[in-house]
Amino acid sequence: MSKRNNNPMLPCWEKPLLLLASGLWVLALLLAGLAPARADALADALNPLPTVAMADMEQAIGKLAQVQDPRVGGVLKALLEARLFYVKESKRVVFADPKDDGFKLTDALTGEALGEVGRFDVKKIPITNALRTVLNSAIAKLELTAPDAKQRLKAVESIIQNPNPEALALLTKQVGQEPDNTVREAIQVALSLADLSGSDKTLRVQAIHALEGNLNQEVRNRLTALQEKTETGDFIEPDSDIRNLAAVALKKIQLKLEMNRLGEMLFFGLSLGAVLVLAAIGLAITFGVMGVINMAHGELMMIGAYTTYVVQLLMPNAIDYSLFVAIPAAFVITALVGIGIERGIIRFLYGRPLETLLATFGLSLVLQQLVRSIFSPLNRSVSTPSWMSGSLEINSALSLTLNRFYIILFSLLVFWGLLMILKKTRLGLEVRAVAQNRAMAKAMGIRTDWVDAMTFGLGSGIAGVAGVALSQLTNVGPNLGQAYIVDSFMVVVFGGVGNLWGTLVGGLTLGVADKILEPYVGTVLAKILMLIFIILFIQKRPRGLFPQKGRAAEG
Amino acid sequence: MSTVRIHDPVTDENDGVASPELDTAHGPILYLEDVTVSFDGFRALNVLSLYIDDGELRCIIGPNGAGKTTMMDVITGKTRPDAGTVFFGQTIDLLKLDEPSIAQAGIGRKFQKPSVFEQLTVFENLELAMHTDKRVWPTLFARLNSTQRDDIEIVMETIGLTAQRQERAGSLSHGQKQWLEIGMLLMQKPKLLLVDEPVAGMTHQETERTAELLLSLAGKHSVVVVEHDMEFVRSIARKVTVLHEGSVLTEGTMDEVQNHPRVIEVYLGD
Amino acid sequence: MGIGNLLARDRVGKTFLTLLALFAVVVSTLNLLVPEASAFHVSTFTVTVAGKYLCYALLALAVDLVWGYCGILSLGHGAFFALGGYAMGMYMMRQIGERGVYGNALLPDFMVFLNWKELPWYWLGFDHFWFASLMVLLVPGLLACLFGWLAFRSRVTGVYLSIITQALTYAFMLAFFRNEMGFGGNNGLTDFKDILGFNLQKDGTRVAIFLLSALFLGLGYITSRFVVESKMGRVVTAVRDAESRTRFIGYKVEHFKLWIFVFSAVLAGIAGALYVPQVGIINPSEFSPLNSLELVIWVAVGGRGTLYGAVLGAILVNYAKTIFTGILPEVWLFALGGLFVAVTLFMPDGLVGVARRLRLGGVR
């Protein structure tokens, strides 16, 4: 969850807050058990509040703020927000939240729910404006000195949103002592913004310079506000120097934002490209090495995705580990299916590529219908392990989702693995030998039919693994494979048959290009443009980006 | 069939087909100059220069990988050289033409591996090869006239396949396919014939007849023969060129060539 | 060359044409002249289904020309069929006029719905039948010409070409699904009222279109037979079997491929134009790659490279499809998929090949 979303009304916030609160509560209880003196200190400071005289209130608050207790902040805030009441009878200090005609009470010390009471059973602990100032600075001080850097950052951000002079004064003091870089930067933003709102021109100019290139939303709002006009057409900001400077700073910020957007697009493009590479790389093996078009390749991916679904059904309590089971399982299952296809159909059709295309297409129809019959035609949902959800925040304008990040990583890993298999293993050597000269390989005692089956199994297994990855991005359904088959063929054609590097570069290029086009022309048109591009591309380079050369390519 | 009757393309100019003017006033019909072809760093042809005279019968020999087939590929437009010039006569720049245009300009080629149209009959194979207007519409409405029919009959007799005229080319024996391909070459009425290993897989008699045929063609046509069979080369050769590692090693009569020390070295190994 | 002369060697073709003529006459007579109560009456529904099959047969003929004779496995012929269909659909859309739901004389309903103010330029002229008919020929023809020129010129062949043709029809499908394209988006063109002033719901009109389909199938067959029997047919076969060899004897292979591809696309376009008034709708799903693949299997089942095999396959497979989807819809995809595998593995020459083998076996 990103910090940009700070609306407490959103339900997704409630849960973490409750968790946080209850966590703190448990901590407090523990502390209470370990150090009863401290808990008592809070009670000592809190209990007199209902009876203390207005004149002594400042002192009482000061005493309260001194207490080392995690609950203090909540109490002070409640006091500031006029939620701190006491029960008339018992003088017990409580948090009171309006409910119907009365209040819902919570014990301020223990957090115990005290039920609802009438309007007249409780009384608010009153404060004055002067006290409000004291409270503000006490709360700010409390939060700004919190041991956790995240908490401090939150405190600074809330000051940026709602600045008050006391907090700002504190920030000025704090800025030199703050050990955390992020927090220090945030403090500086807060101070610069405060300077900007001031009247000292030198300070304002300095502030604008300091804020240049800052991506904080509030900074943008304030700089934009400096450009606005009143209804009568006059600028709200009378000083034209400030206005112009602010405009320049804003432009720089916008440029930076644009760069970030580009970065995000690149990331989306790379992740789409990674999916394409995963989908196409198995195809590149069967198509490139064996010259076999496998139209059922997409359906093998579908089987891989369904394997993930089944694995998660079998281990519902260990979703976090399910992928580590699903990946090898999908590889083995689809590889076996692939070997079955090769032995059962394709080997009878070598040298007749068009027939192979038709037969494997028929097979893809059968596999789709089979899945429909077994799992129903509806999409199945596959859960994402917790370690894959969430996002990586680069700055306040750019955050990268973890699942896409992992998929890029995974696809590179698969690519590397495949490369190693082809380069370093005996199987790889034989595969390359058969690809280059089948007759010669046969004459040298290589069992070409075994190599064919293994190659096809390898390509199919990778399709299955790709299916596992896809299950983390899209719905798992009988049509999953079809959606990717045309695209992955395009990647292979674009990259050049028989060259894994071509597939990698081709896939990533197409993915990025697609995502760059998308915001301008829409998804569908982007796709059409890509197809047209590829058709035109093979005019120039009929054998793809990385063509095979020499006698072997003459075929 | 005891004698080989040769269909005479030079005097048969009744097909009314305009092909680019061939100018051989200065002797050679084919000029290859400084031709270089490389595949991934391997130089199949290395600054090769070769001239074929009008009406000449030239044999080209050389060990495997000497660049014989690549040279033919360059002449017929299948492979584009990295450098060099290839002219047919004085005026026709072969590097600017594609394969069909080169064929129509008058260069016929017989491949190493017999390549005939297996699904078509012997007659149809010859009909397709015939020197005529080969554009789309004329082909769609083409009808054989009696002269053309006679031409085909004569060639069928020449190659000894009259009895097999309605047989599919795919069902012919290896030697018959070789002959059919030579027949197709004749039907094209080329001015220059490139013949790649014509007698591979032929019986002794067939080889003799092929030699006879090629000899009778020379004079009116220029013929370039690439062959491994030394006995065959000796039986037909007037002038022999030895290729080695993509360029010309030596040229001369068979005897001169065979006694050339470098040639012996290349063939026998060093 | 007279038709008799042309068909002299094509005995099966002669039989086929005779049967076709007989079928057309009998079906239309039984529909129009035999009273509905009679057991011999053929319902208009059946006539329409038969007409649909004839359109499929013409489409299969087109595929057989490029695949069976020239070796170009086009997985995008559905696109030419659909374009022909859209051209005819646009004409019939304009004929609806004020009878549409919105009563707009100029704009078809879906454009009114999209709040368009005027007819896009590419719809101009489609209120004339002659213009629409011309477009039925020109649009698929020009597309095939452009696409073929690009593809053949760069010597894209074999499976590469197949994949690219599939991408072509896929791109068209995506494009036509877009409302902004102005072809009715998802729903396509439908709710046709009449054609050349004849009410499409009337039996007479239906029978007339059925007869036209039969006529065009017959004509398509004869023209195709003429092409494959000509010397050009032999060149095209030569291209299929040994493309580069054909180049070396002086034929510009690209031109021949392009010509046969365009001719085939035009035939497919005509089939589409006859199909749409009979089924009453044309939508982007006609562009789906699956459709194009299906029609390849019709040809494979019948036997490619024979012309009549394609016709036979189209009718048989579609008849089976009608039966299957009626009784056991979920089995149809199994059956179709199985058919793909079985035909390629066990009968590469299709039913015609099987029949030929049986006859040869009988002679022996």
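Here are a few things to note about the model shown:
- Of all residues in the range C:282-290, none are of a type in the set (F, W, Y) and farther than 27 Å from C:F177 by Cβ.
- The range C:266-286, residues that are among the small types (G, A, S) and under 15 Å from C:L54 (Cβ atoms): C:A268, C:A271, C:G272, C:A273
- Of all residues in the range C:232-246, those that are more than 7 Å from chain B (Cβ to nearest Cβ) and either closer than 17 Å to B:F141 by Cβ or in contact with an Asp or Glu (Cβ under 7 Å, 6 or more places away or on another chain) (or both) total 2.
- When residues of the range B:220-250 are limited to those that are over 27 Å from B:I264 (Cα atoms) and part of a strand (DSSP E or B), the one modelled with the lowest pLDDT: B:H221
- Once the range A:501-525 is narrowed to residues that are among the small types (G, A, S) and surrounded by fewer than 19 Cβ atoms within 10 Å (Cβ to Cβ), the residue that is farthest from the other protein chains (Cβ to nearest Cβ) is A:A513.
- Scope the range A:348-396; condition free of Cβ contacts under 8 Å to residues at least 24 places away in the same chain, closer than 14 Å to A:Y309 by Cβ and of a type in the set (V, I, T); matching residues: A:I374
Here's the yes/no breakdown for (1) among the β-branched types (V, I, T); (2) in contact with a His (Cβ under 8 Å, 6 or more places away or on another chain); (3) within 8 Å of chain C (Cβ to nearest Cβ); (4) in a helix (DSSP H, G or I):
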position	(1), (2), (3), (4)
A:Y306	no, no, no, yes
A:V310	yes, no, no, yes
A:V332	yes, no, no, yes
A:A335	no, no, no, yes
A:I341	yes, no, no, yes
A:G351	no, no, no, no
A:L378	no, no, no, no
A:V382	yes, no, no, no
A:L392	no, no, no, no
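- Yes/no for A:M440 being within 12 Å of A:G338 (Cβ to Cβ) and assigned to a helix (DSSP H, G or I): no
- Any hit, the range C:276-290, residues being part of a helix (DSSP H, G or I), surrounded by 24 or more Cβ atoms within 10 Å (Cβ to Cβ) and of a type in the set (A, V, I, L, M): yes
- Residue match in the range A:238-254 (condition: in contact with a strand residue (DSSP E or B) (Cβ under 7 Å, 6 or more places away or on another chain), part of a helix (DSSP H, G or I) and not polar (S, T, N, Q)): yes
Rundown of residues vs (1) in contact with a helix residue (DSSP H, G or I) (Cβ under 6 Å, 6 or more places away or on another chain); (2) farther than 30 Å from C:Y160 by Cα, yes/no style:
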{"residue": "A:K256", "(1), (2)": "no, yes"}
{"residue": "A:M259", "(1), (2)": "no, yes"}
{"residue": "A:V275", "(1), (2)": "no, no"}
{"residue": "A:I281", "(1), (2)": "yes, no"}
{"residue": "A:A284", "(1), (2)": "yes, no"}
{"residue": "A:V289", "(1), (2)": "yes, no"}
{"residue": "A:A296", "(1), (2)": "yes, no"}
{"residue": "A:G304", "(1), (2)": "yes, no"}
{"residue": "A:L323", "(1), (2)": "no, yes"}
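- Note on the range A:327-347: residues that are within 32 Å of the chain's Cα centre (by Cα) and among the β-branched types (V, I, T) total 4.
- Close pairs from the range A:42-60: first within 18 Å of A:G73 (Cα to Cα), partner surrounded by 12 or more Cβ atoms within 10 Å (Cβ to Cβ) and of a type in the set (D, E, K, R), Cβ under 7 Å, at least 6 apart: A:L42/A:D69; A:L42/A:R71; A:A45/A:K63
- All positions within the range B:101-121 that are of a type in the set (A, V, I, L, M), free of Cβ contacts under 8 Å to residues at least 60 places away in the same chain and either more than 7 Å from chain C (Cβ to nearest Cβ) or at positive phi (or both): B:I102
- Test: residue in the range A:535-544 that is away from chain B (no Cβ under 14 Å), modelled with pLDDT of 80 or more and under 34 Å from the mean Cα position of the chain (by Cα): no
- Any hit, the range A:214-237, residues being in contact with a Phe, Trp or Tyr (Cβ under 9 Å, 6 or more places away or on another chain), more than 30 Å from A:R404 (Cα to Cα) and surrounded by 13 or more Cβ atoms within 10 Å (Cβ to Cβ): yes
- Candidates C:L258, C:L267, C:L295, filtered to the one that is at pLDDT below 95 and under 18 Å from C:T165 (Cα atoms): C:L295
- Elements of type strands (runs of 3 or more DSSP E) contained in the range A:54-111, each with 2 or more residues being farther than 25 Å from A:S137 by Cα and not β-branched (V, I, T): A:93-99, A:102-107
- Looking only at the range A:313-330, and only at residues there that are among the aliphatic types (A, V, I, L, M) and surrounded by fewer than 22 Cβ atoms within 10 Å (Cβ to Cβ), the one that is nearest to the other protein chains (Cβ to nearest Cβ): A:L313
- Filter result for C:I249 (of a type in the set (A, V, I, L, M, F, W, C), surrounded by 23 or more Cβ atoms within 10 Å (Cβ to Cβ), facing chain B (nearest Cβ under 10 Å) and over 18 Å from B:L97 (Cβ atoms)): no
- For the range C:313-332, the count of residues that are surrounded by fewer than 24 Cβ atoms within 10 Å (Cβ to Cβ), out of contact with any helix residue (DSSP H, G or I) (no Cβ under 6 Å at 6 or more places or on another chain), more than 30 Å from A:L367 (Cβ to Cβ) and touching a residue at least 12 places away in the same chain (Cβ under 8 Å) is zero.
- Residue list for the range B:187-219, filter: modelled with pLDDT of 90 or more and part of a helix (DSSP H, G or I): B:M187
- Criterion: more than 14 Å from chain C (Cβ to nearest Cβ), over 35 Å from the mean Cα position of the chain (by Cα) and among the β-branched types (V, I, T) - qualifying residue of A:I408, A:I446: A:I446
The rows are residues; the columns are (1) within 30 Å of C:K252 (Cα to Cα); (2) free of Cβ contacts under 8 Å to residues at least 24 places away in the same chain; (3) within 13 Å of another protein chain (Cβ to nearest Cβ).
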| residue | (1), (2), (3) |
| --- | --- |
| B:Q148 | yes, no, yes |
| B:E153 | yes, yes, no |
| B:Q164 | yes, no, no |
| B:E167 | yes, no, no |
| B:L172 | yes, no, no |
| B:L193 | yes, no, yes |
| B:E197 | yes, no, no |
| B:H204 | no, yes, no |
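The values are calculated or read from the model by the stated rules, or taken from the named source; none is laboratory data. If you're wondering where the values come from, they're calculated on a predicted model, not measured in any experiment. Cβ: placed from backbone, ideal geometry, glycine included. Neighbour counts: every protein chain shown.
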